[in-house]
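Structure first, then comments.
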Amino acid sequence: MGGPKIRDEAAIVALGLPSEMAVSTMPLTGPPVTLCLRVLATSDLHAHILPWDYHADRPSDTRGLSRVAGLIEIARAKAGNVLLLDNGDFLHGSPLGDFVVQAVPRPDHPMITAMNRLGYDAATLGNHEFSHGIDLLCQSLGAAQFPVVSANLRHHGEERFFLPPYAILDRKMADTSGTPHPLRIGVIGFLPPQTVIWERAHLQGRLEAQDIVNTAKALVPELRAQGVDLVIALSHSGIGTGDDSGGDENASLALAAVEGIDAVIAGHTHEVFPINSGAAALHGRPAVMPGFFGSHLGVIDLTLEKSGAAGWQVVAHRAEARPIAGRDAVSGQAVALVGGQPEIEDLAAPLHAALKAQGDRVVGQTLFPLHSYLALVTESSALRLVAEAQADHLRLSLQGTTLGDLPLVSAVAPFKAGGRGGPENYTDIPAGSVTERHVADLYLHPNRLVALRVTGQDLADWLERSVSLFHQIAPGARDADLVDPDFPSFNFDMIYGLGYQIDLSQPARFEAKGRLVNPAARRIVGLCHQGKPVDPKASFLLATNSYRVSGGAGFPACTSGPPAYSSAQSISDILRGYVARKGSIRINPMAPPQWKLAALHGTSAILRAAPAAARHLAEVAALHPEPLDLQADGYQRFRLHL
Ligand code: MN
Ligand code: MG
């Protein structure tokens, strides 16, 4: 799968300049000295070493550290002084990352081996690093030949940091005339403080996280006091609004304003920043966010100047997110812009082969295709299967208890519905065998099943939170944009077992992050259970998951009390068991859906979806779908008549 390029290994590990170069003695006066430093950064690699999509079981030109390695080689060749940094979420959160932990005996994490080989200078942790527990993480990090820092994570109830909060890199770097100088670079790392909530199962009572900006305000002066010339912040956190309301998940903009920070690497939200290269900055500090899964390499070029006895100053900067792939203008398909590095690919080859073999194992059969192409506008067979498996598990587990007598409904959201993941980011399982790979594709995250005892009113509010995904659409509008791109589809819960319609002429009750913005607004109409209107005071048992109940997304009723039930198994294990026990899954995608978009006569809206959605338009025949043009980012527009 790799390109033909063979690289010189010495070039990968070379850091700074050869050590025999003498270090200059700075003159106390004279013209300023200029030095150029290039900072390269990856973020949110999620153990994607190879250009491969494990869920779809096909090559992918938009991911893989082996391809980024090609960009690293090019970027290093064009600059004398280079640092290579990673911004977290590098070890887990993908099939290969999860598979590493099952291997017996467990190998060194191939991601760490690859990063050692590429000569990373430092890295920080993301929230996903903890998904298999602290002990396993420490074991993986033990093999790293570069410092891994994390400034806002401490041992529970102690001052002691979990990892060193920052690292000081002492390098010799040549100025523009070739004269080497010692340069001390401070690298400090941050992750979202919510990590301890999301990973409560592993972290409760063991680690505590602090606010990103406050931590920086306390520690950056301490770091500068150690004589560093430059401070680079590795911020596993989105750009955010810059408000700094305290404890923010996405704090990179606010962080950039902290005195003493010279450059910011952002991440976590899987976005690309800047979109156009140039003097991109947050609060005047150069910043970059290099996409996800290895889609981009972040490049920040700093020009430093020093005159007399004064310290180095950043006098100019430039930032760029370089993609590993472009898009074919006609087909919308991703096109590789760089070859893979065979020696990086070889590192992952044994695990890759074993993972593929495991993925091919047949669990059961499906009579109809299971896909998520239209999951934002109608019922999805793939999601219905997950909802049924959740409900089935609860029914069996609660049989004979008082909870078992409550009406049971099951909430699921599409993890793969395009969005920032691109037009390849859908579930597409043909009729026939359901394999281990398909099970992993149907339920990506390591969540457990949780049941909540809720009221009919809670269910209505829950759905309002979900359907705030849509833009408000004026009756009679033509080709209105349907979906708010800032609203992640993993927060679009549908509740199976309930019938309802979604009236898009009404404003959204919540904004994308879950803040209540229109308390009077209601989009859910005709909410019913088994054909009868839902009584707001009636009791229900709602199947949901551990992530939802951790409270991150602001779903009402999540935080009102302890869950009625919590499974020991993961939902993907429950799903695997369900498919195996049923043997044959019969979910007809043409069956009448329980929920739909309410009719708005004479109104049309645009859904952006994968071109492959065109094969399934019969499922939304009631919306008289029309395929329109293919766009530069690979999505196709579909007109729906509401
Ligand atoms: Mn991530
Ligand atoms: Mg993250």
(request) Run through the DSSP bridge list for region 362-641 and note the antiparallel percent, rounded to the nearest 5. (result) 80 percent
(request) Run the accessible area of the chain with a 1.4 Å probe and give the carbon-and-sulfur part as a rounded percent. (result) 53 percent
(message) I want to check a number: in region 362-641, how many lysine pairs have alpha carbons closer than 25 Å, given a sequence separation of 8 or more or different chains?
(response) 6
(message) Test of understanding: extend the Cα→C-beta vector of LYS356 to 7 Å, then name every residue of region 59-77 with backbone N under 20 Å from that spot.
(response) 59-68
(message) Given a Förster distance of 51 Å, report the FRET efficiency between ASP481 and ALA538 from their Cβ-Cβ distance, rounded to the nearest 0.05.
(response) 0.90
(request) Kindly list the residues of region 586-605 that lie in the label zone of VAL525, defined by a backbone N under 12 Å from the point 7 Å along the Cα-to-C-beta vector. (result) 597-601
(request) Among SER539, VAL231, HIS181, flag the residue with its Cα farthest along the positive direction of the charge dipole of the chain, charges on Cβ as +1 for Lys/Arg and -1 for Asp/Glu. (result) SER539
(request) Output ³J(HN,Hα) for region 441-451: one whole-Hz value per residue in order, computed from phi by the Karplus curve 6.51 cos²θ - 1.76 cosθ + 1.60 with θ = phi - 60°, and x for Gly and Pro. (result) 5, 6, 9, 6, 9, x, 6, 9, 7, 10, 10
(request) Provide the percentage of antiparallel DSSP beta bridges, counting only those with both residues in the chain; round to the nearest 5. (result) 70 percent
(request) Express the accessible area of region 260-318 per residue in Å², computed with a 1.4 Å probe while the remaining protein chains stay in the model. (result) 34 Å²
(message) Can you list residues from other chains, or at least 5 along the same chain, whose modelled amide H is less than 5 Å from the amide H of GLY126?
(response) ASP89, PHE90
(message) Tell me the per residue accessible area of region 29-171 using a 1.4 Å probe; a whole number in Å² is fine.
(response) 31 Å²
(message) With the crude spin-label approximation of a point 7 Å out along Cα→Cβ, what separation in nm comes out for LYS78 versus ARG106?
(response) 4.0 nm
(request) Could you do me a favour and compute the accessible area per residue for region 362-641, 1.4 Å probe, result in Å²? (result) 41 Å²
(request) Rounded to the nearest 500, what is the 222 nm mean residue ellipticity of the chain from helices alone, with -39500 (n - 2.57) per DSSP H run of 4+ residues and division by all residues? (result) -6000 deg cm²/dmol
(message) With N set to the number of residues, divide the alpha-carbon radius of gyration of the chain by 2.2 N^0.38 Å and report two decimals.
(response) 1.00
(request) Would you be so kind as to identify which of VAL439, PHE487, ALA580 lies farthest towards the positive end of the dipole of the chain, taking Lys and Arg as +1 and Asp and Glu as -1 on Cβ and the Cα centre as origin? (result) ALA580
(request) Any lysines with Cα under 25 Å of the LYS306 Cα? List them, leaving off those in the same chain fewer than 8 positions away. (result) LYS78, LYS172
(message) Would region 127-175 count as rounded, prolate or oblate if I go by the C-alpha gyration tensor, calling it rounded below 1.5 in a/c and otherwise prolate when a/b exceeds b/c, oblate otherwise?
(response) oblate
(message) Averaging the inverse of every distinct alpha carbon separation and then flipping it gives the Kirkwood radius. What is it for region 362-641, in angstrom units?
(response) 19.1 Å
(request) With θ set to phi - 60°, apply the Karplus curve 6.51 cos²θ - 1.76 cosθ + 1.60 along region 349-366 and write out the HN-Hα couplings as whole Hz, x wherever there is a Gly or Pro. (result) 4, x, 5, 4, 5, 5, 5, 4, 5, 5, x, 6, 4, 7, 9, x, 10, 10
(request) Give a quick list of trypsin sites (Lys or Arg not before Pro) in region 575-642 that DSSP marks as loop, anything other than H, G, I, E or B, with at most 13 other Cβ atoms within 10 Å. (result) ARG586
(request) Please find the FRET efficiency linking GLU159 to VAL315, where r is the Cβ-Cβ separation and R0 is fixed at 41 Å, and quote it to the nearest 0.05. (result) 0.60
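The values are calculated or read from the model by the stated rules, or taken from the named source; none is laboratory data. If you're wondering where the values come from, they're calculated on a predicted model, not measured in any experiment. Backbone-built Cβ (ideal geometry, glycine too); neighbour counts: all protein chains shown. Protein only, heavy atoms only, side chains kept; ligands, DNA and RNA dropped before computing areas. Shrake-Rupley method; radii C 1.70, N 1.55, O 1.52, S 1.80 Å.
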